[in-house]
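Since every read-out is calculated from the coordinates, none of them should be taken as a lab result. These numbers were taken from a predicted model, which means no experiment stands behind them. Don't worry about glycine lacking a Cβ; one is built from the backbone with ideal geometry, like all the others, and counts go over all protein chains shown.
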Amino acid sequence: MMNRVVIGMLVGGLAILWLPLDAVASNCQVETPASGPGMALTRHLGADCTEQERETQAVDATQLLQAFKEGRGIDLSGVVIRGDLSLDTLSVGPLPPELEGMKELQGREARVIPGSMTIVNSVVRGAIRHGSTEGLLVVKGPVTFSGTRFEQLVDLSRAVFMQPVTLSGARFLRESYFVQGRFLRDVFAENTAFGPHTRFHRSVFQGPVTFQQSGFNGLAEFLEVVFEKDANLSRTSFKLGTGFSGTRFQGQADFSDATFDQEAYFTFTLFDRDADFRRATFRSTADFSDASFKGRDDFSKASFEKGSEFTRATRSATEQASLGFGNQTVQYAIILSLLVFSALLIAYRIWWR
């Protein structure tokens with residue numbers, strides 16, 4: 001009997017002690033400032049929060065949509081977002097006055113997000129869609145998705161981003177579409193992982209762009225895109241088919257140390273300034289047919305493992321860098337020329353002895 005009483009006291013004491021210890025052990029810091037008219041929906045979870053605590057503090061996509069409908073932005077960090085975010089349900093209004101000078105946008109209906117879209121170091125479980133084929137989605141504030149994992153489709157096609165867009169360190173596990181997007185300011189996408197299909201078809205980048213050290217793990221479509229400023233795609237990897245056909249680089253185009261594992265198409269591509277392909281690796285078809293190089297093009301030490309196609313491509317007559325010293329055909333031609341020259345020199349010396 002005494003043993004049972006002692007055991008009961010021990011268990012009860014441990015239970016009493018365990019609860020406060022568990023509470024103290026949780027260092028999860030949750031920041032949710034009071035919201036008001038015009039203030040962003042804010043929720044920040046600290047780095048010490050466990051996965052279970054993040055799930056408990058999860059944000060529903062309907063909360064984000066409601067914030068946008070109220071004319072507010074969102075500021076989320078370290079959170080889990082549940083549910084699909086359908087931006088097509090936002091009210092349609094006139095084009096913001098700041099865009100009235102852009103003739104190509106006139107006459108289009110617009111869904112406007114007045115504030116920022118900040119989702120950093122978070123997990124987005126549902127899809128994000130703007131599927132309207134007629135209207136525009138206008139985001140007036142900065143868009144920041146740094147370090148966030150998107151587990152479903154992200155379709156921000158026909159969106160106008162008026163402030164910088166930052167995707168650095170983000171991971172898109174599914175498709176990501178930015179078709180006919182217009183980026184009025186800088187785009188930062190360093191070390192970003194794109195999923196099975198990425199589309200920037202007919203998008204316009206009015207500010208500098210960087211995809212440095214990013215990875216396109218599926219199809220990458222940059223067809224008929226306009227880069228008005230410098231575009232940095234150095235050390236970027238393209239795992240499946242890649243298309244830059246019909247694209248115009250008005251600033252410098254940097255593809256140095258880039259890797260193309262499958263077909264790469266640059267047909268009818270316009271390079272208005274310097275094009276840097278130094279040490280780029282093309283493991284399959286590399287088609288530059290009908291491309292136009294108006295600046296200096298540099299293919300030094302580029303590797304074309306299955307050959308290259310430059311049919312009807314035009315290159316600047318001045319200051320051209322050697323086309324692909326990594327190309328074995330070019331190397332053999334140079335070696336053959338040196339051998340012929342050496343043979344003629346020996347013959348000349350023997351003749352005059």
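For the range 69-104, the list of GluC sites (Glu not before Pro) that fall in a loop by DSSP and count at most 11 other C-beta atoms within 10 angstrom reads 100. Determine the shape class of the range 72-147: with a ≥ b ≥ c the square roots of the Cα gyration tensor eigenvalues, call it rounded for a/c under 1.5, and otherwise prolate if a/b is greater than b/c, oblate otherwise. Prolate is the answer for the range 72-147, as a/c is 1.5 or above and a/b outweighs b/c. Peptides 58-68, 241-251 ranked from most to least packed, by the mean per-residue count of other Cβ atoms within 10 Å: 241-251, 58-68. Quick one: grab the alpha carbon gyration tensor of the range 27-351, order the square roots of its eigenvalues as a ≥ b ≥ c, and give me rounded if a/c is under 1.5, else prolate or oblate depending on whether a/b is larger than b/c. Judged from the Cα gyration tensor, the range 27-351 comes out prolate (a/c at least 1.5, a/b above b/c). When only Cα pairs below 8 angstrom with a gap of at least 6 residues are kept, the range 167-258 shows a relative contact order of 24 percent. The residues packed around residue 46, meaning those with a beta-carbon under 13 Å from its beta-carbon, carry a net charge of -1 if Lys and Arg are +1 and Asp and Glu are -1. Other residues within the sphere of radius under 15 Å centred on the Cβ of residue 211, judged by their own Cβ, net out at -2 (K and R +1, D and E -1). Annotation for the range 273-306: trypsin sites (Lys or Arg not before Pro) lying in DSSP loop with at most 11 further Cβ atoms inside 10 Å of their Cβ are 306. Each label point was placed 7 Å from the Cα along the Cα-to-Cβ direction; for residue 186 and residue 294 their separation is 2.6 nm.
Phi-derived couplings, Karplus 6.51 cos²θ - 1.76 cosθ + 1.60 at θ = phi - 60°, listed residue by residue for the range 59-74: 9, 8, 4, 5, 5, 5, 4, 5, 4, 5, 5, 8, x, 10, x, 10 Hz, with x used for Gly and Pro. Spin-label model, residue 51/residue 69: points 7 Å from Cα along the beta carbon direction are separated by 3.4 nm.
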